[in-house]
Each structure stands twice: as C-alpha cells, then as structure tokens.
Amino acid sequence: MVTKLAVTGILLGLFLGGCARNAAERPAAFVFARGADAQKLDPADVDDGESVNSMAQVLEGLLAFKPGTLEIEPCLAASYAVAEDGLAITFRLRDGVVFQDGTPLNAETARFSFDRQMDPGHPAHFPDASFQYWSNLFSDVSRVETVDSMTLRFHLRQPNASILSSFASFSAWLVSPGALERYGAGMARHPVGTGPYRFVEWRPNEAIVLEA
C-alpha cells in the first residue's frame, strides 16, 4: 500500500556525511513515510501539518522558535527592534542570503511574502487562497516599509504583544518572488525558499522530493 502513502524523499548527502565513515557508506537518499499527502506548499495558505512539515525543510522566516521551545530568535533577520510605543517593528536582514533560485534576499524580496497576503490586488494574492493567517495573526499591520535595501519595517495600528510569535510561525515564512515569475499560480506547488533543502518535485500521493 506504499502508493497510498505520501513519502518525502530527501537527499541528505551533506547531512549524512557526518554519520558515515566514508563516501561509499553514505546512502543516496533518506525516505520518510507519512500518513497523508500535503495539500499545498504555500505557507500563507495551508491548514494541515503534512504540508507544513514538508515546507519546513525548504522555507525560513524572519524569526524562528528555538528548537523545542516557544522562545523567539532571529532567523533571516540578523536583528529586530520594537519601537517604544509598540507601533513599529524593524527587521535588519542577514547579509549574503540567497533564495534557492538565485534571487538575493533583501528588503524588497522579503516584503513580497507579506504584500501578497495583505494586498488583494497583488499578483500573488491568488483568488482561491483564503490567507486566513494574515487576517487572524497580522490584522494589526497597517503597512510594510522598506527602510533601505536590507531593512524592513512593519507599522501597526495598535501594539500587539503576540505579533513576534506570529512572525516566527510558518505563515510568515518567505518565498522567492522568482517563484511567481516562473510558476505563476503554480507556485503553491513549487516552493522556493532559503532553507537547507531545495524542492525538486511533487508526485501526488507518492512522493515529495527535496535535495540538500
């Protein structure tokens, strides 16, 4: 009944190199069987754990939770600061980060992932997507500002004590603007991020293949 299981195949040559004694002992792939297939690979519009687990290998956010905790730490942001009045959050992006399609991470390319959720007129605000997380978690964001080439600022309508946790959640993971240019609405099935694994292909109800 293997064909009825969603299977994620991840090429882990780099990771497994530290576990094997020599190259001859390194397996070519790691296969992980799951209970169901993913539904979408768009972090802004998913509601199932299998989709999130697959995207977690490919995508990253400005902030992240420290493993095993709810403590927040910078990820794609090198640093962040909350204004004294609580009405703005400023993120300074890490230098030298590149999306898996070669697009450099900067304020404009990072802003893409948020503009597409908040702006109904954005070309990546797909009509079949609900963007429910933006409505629920980021409703206090009034606008997003590119302060300079590597600095992004979110302006809030009112202070929000939980919004930093929202930025660490999967709905705020960044996707490359190049995915829209290449795949159009099909980008929901072809995630392009900055994570340690690159999306290769999705064979529905059979396998999602990622490459280190």
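The set of residues in region 116-146 being in contact with a Leu (Cβ under 8 Å, 6 or more places away or on another chain) and open to solvent by 60 Å² or more (accessible area, probe 1.4 Å) consists of 123 alone. Per the conditions (1) out of contact with any Ser or Thr (no Cβ under 7 Å at 6 or more places or on another chain); (2) of a type in the set (Asp, Glu); (3) in contact (Cβ under 8 Å) with a residue 12 or more places away in the chain, the sole criterion not satisfied by residue 101 is (1).
Among the residues of region 96-115, those identified as open to solvent by 60 Å² or more (accessible area, probe 1.4 Å), touching a strand residue (DSSP E or B) at 6+ places or on another chain (Cβ under 7 Å) and within 13 Å of residue 192 (Cα to Cα) are 98, 104. Taking the criterion of being closer than 30 Å to residue 29 by Cβ, in contact (Cβ under 8 Å) with a residue 40 or more places away in the chain and β-branched (Val, Ile, Thr), would at least one residue in region 169-182 satisfy it? Within region 169-182, one or more residues are closer than 30 Å to residue 29 by Cβ, in contact (Cβ under 8 Å) with a residue 40 or more places away in the chain and β-branched (Val, Ile, Thr).
Do any strands (runs of 3 or more DSSP E) lying entirely in region 1-82 carry at least 3 residues that are surrounded by fewer than 19 Cβ atoms within 10 Å (Cβ to Cβ) and modelled with pLDDT of 90 or more, and which ones are they?
Numbers: elements: 7-11, 30-33, 63-65, 72-74, 77-82.
The qualifying strands (runs of 3 or more DSSP E) are 72-74, 77-82.
For residue 192, state whether it is of a type in the set (Val, Ile, Thr) and either open to solvent by 40 Å² or more (accessible area, probe 1.4 Å) or assigned to a loop (DSSP other than H, G, I, E, B) (or both). Answer is yes for this residue. For the list (1) in a loop (DSSP other than H, G, I, E, B); (2) of a type in the set (S, T, N, Q); (3) farther than 30 Å from residue 67 by Cβ, I need the number of the one condition that residue 142 fails. Residue 142 satisfies all of (1) in a loop (DSSP other than H, G, I, E, B); (2) of a type in the set (S, T, N, Q); (3) farther than 30 Å from residue 67 by Cβ except (1).
Residues being more than 13 Å from residue 88 (Cα to Cα), open to solvent by less than 40 Å² (accessible area, probe 1.4 Å) and either under 15 Å from the mean Cα position of the chain (by Cα) or charged (D, E, K, R) (or both) are represented in region 153-167 by at least one member. When residues in region 112-132 are screened for being of a type outside the set (Phe, Trp, Tyr) and within 15 Å of residue 59 (Cα to Cα), 1 of them pass. Residue pairs whose Cβ atoms lie under 6 Å apart, separated by 6 or more positions or on different chains, with the first residue in region 149-162 and touching a residue at least 60 places away in the same chain (Cβ under 8 Å) and the second open to solvent by 80 Å² or more (accessible area, probe 1.4 Å), are 151/92; 155/143. Take the conditions (1) closer than 17 Å to residue 87 by Cα; (2) open to solvent by 50 Å² or more (accessible area, probe 1.4 Å); (3) of a type in the set (Gly, Ala, Ser); residue 185 misses just one of them, which is (1).
Is one or more of the residues making up region 172-181 surrounded by fewer than 20 Cβ atoms within 10 Å (Cβ to Cβ), more than 15 Å from residue 57 (Cβ to Cβ) and not aliphatic (A, V, I, L, M)? Yes: one or more hits.
The values are calculated or read from the model by the stated rules, or taken from the named source; none is laboratory data. Nothing here was measured: the structure is a model prediction, and the numbers come from that model. Note that each Cβ is placed from the backbone with ideal geometry, even for glycine, and that neighbours are counted across all protein chains shown. Ligands, DNA and RNA are stripped out before the accessible areas are found, and what is left, the full protein with its side chains, is counted by its heavy atoms. Shrake-Rupley method; radii C 1.70, N 1.55, O 1.52, S 1.80 Å.
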